[in-house]
C-alpha cells in the first residue's frame, strides 16, 4: 500500500476536517464528543506548551494526491530525543487496508531526519485500548504507568507507548 507523507497546508483544512469526520467513533472514544466543526483548525494550530511552532507538523497521508489520513507529530517533546505522535488517523472507510502501517513506516523515515530523536512516543487513551495491539505490532511497548487524561467531560487515563527509532 504505497502512501506518502507531506505537510498539510492551511488551504487543506476542509480535507483535514473530512478525514476527522470520517471516523466519528474515534473522536467520541478519545474526547467523549463527536467531531466538531473546528477540529481540523485545532489540529493544525494546537501544540504542547513551550513547544516552538516549527516543532509541530501535521502530515497528510496521501495515496497518489488523495488525502487518506493524518499524522500529528511533535519534534523534541517532551524531551529533545523524543518525537511525539499525537495522532495517526486513516479515513474511516479505508481502515484495515494497510494504509496505517505504510504511513507509520513513512513516519519513521520522516523522524529519522531529525538527528537528535532516538525514540517515538504516543499515548493511548483508556477508552481507545483496542488500538494497543496494533501499536505493539509496530514495536511499541508500554512506558510507565497510565497517566491522567481528560478532555471536556471525559476523565480517564492514557497509557504511554514508546519504541526506539
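So which of 70, 87 ends up being within 23 Å of residue 31 (Cα to Cα), surrounded by 18 or more Cβ atoms within 10 Å (Cβ to Cβ) and modelled with pLDDT of 95 or more? Spell out the reasoning first.
Working: 87 fails: surrounded by 18 or more Cβ atoms within 10 Å (Cβ to Cβ).
Every option except 70 fails the conditions.
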Residue list for the range 130-143, restricted to those being over 20 Å from residue 165 (Cβ atoms) and either modelled with pLDDT of 95 or more or in contact with a strand residue (DSSP E or B) (Cβ under 6 Å, 6 or more places away or on another chain) (or both): 131, 132, 133
Search result, residues across the range 119-135 that are over 23 Å from residue 60 (Cα atoms) and surrounded by 11 or more Cβ atoms within 10 Å (Cβ to Cβ): 126, 127, 129
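Which one of 13, 19 is in a helix (DSSP H, G or I) and within 17 Å of residue 88 (Cβ to Cβ)?
Exactly one of 13, 19 is in a helix (DSSP H, G or I) and within 17 Å of residue 88 (Cβ to Cβ), namely 19.
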Taking the range 98-118 only, how many residues are surrounded by fewer than 14 Cβ atoms within 10 Å (Cβ to Cβ) and either at positive phi or touching a residue at least 12 places away in the same chain (Cβ under 8 Å) (or both)? 3
Please indicate, with yes or no, whether at least one residue in the range 32-43 is touching a residue at least 40 places away in the same chain (Cβ under 8 Å), surrounded by fewer than 18 Cβ atoms within 10 Å (Cβ to Cβ) and either out of contact with any strand residue (DSSP E or B) (no Cβ under 7 Å at 6 or more places or on another chain) or under 22 Å from residue 129 (Cβ atoms) (or both). yes
Residue 153 exposed (fewer than 14 other Cβ atoms within 10 Å of the Cβ) and over 15 Å from the mean Cα position of the chain (by Cα): yes
If we ask which residues in the range 23-37 are assigned to a loop (DSSP other than H, G, I, E, B), closer than 21 Å to residue 100 by Cα and more than 15 Å from the chain's Cα centre (by Cα), their number turns out to be 1
Test for residue 2: is it in contact (Cβ under 8 Å) with a residue 12 or more places away in the chain, buried (at least 19 other Cβ atoms within 10 Å of the Cβ) and farther than 16 Å from residue 123 by Cβ: no
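The values are calculated or read from the model by the stated rules, or taken from the named source; none is laboratory data. This structure is a prediction, so every number in the text was calculated from the model and none was measured. Here the Cβ is made from the backbone with ideal geometry for all residues, glycine too, and neighbour counts use every protein chain on show.
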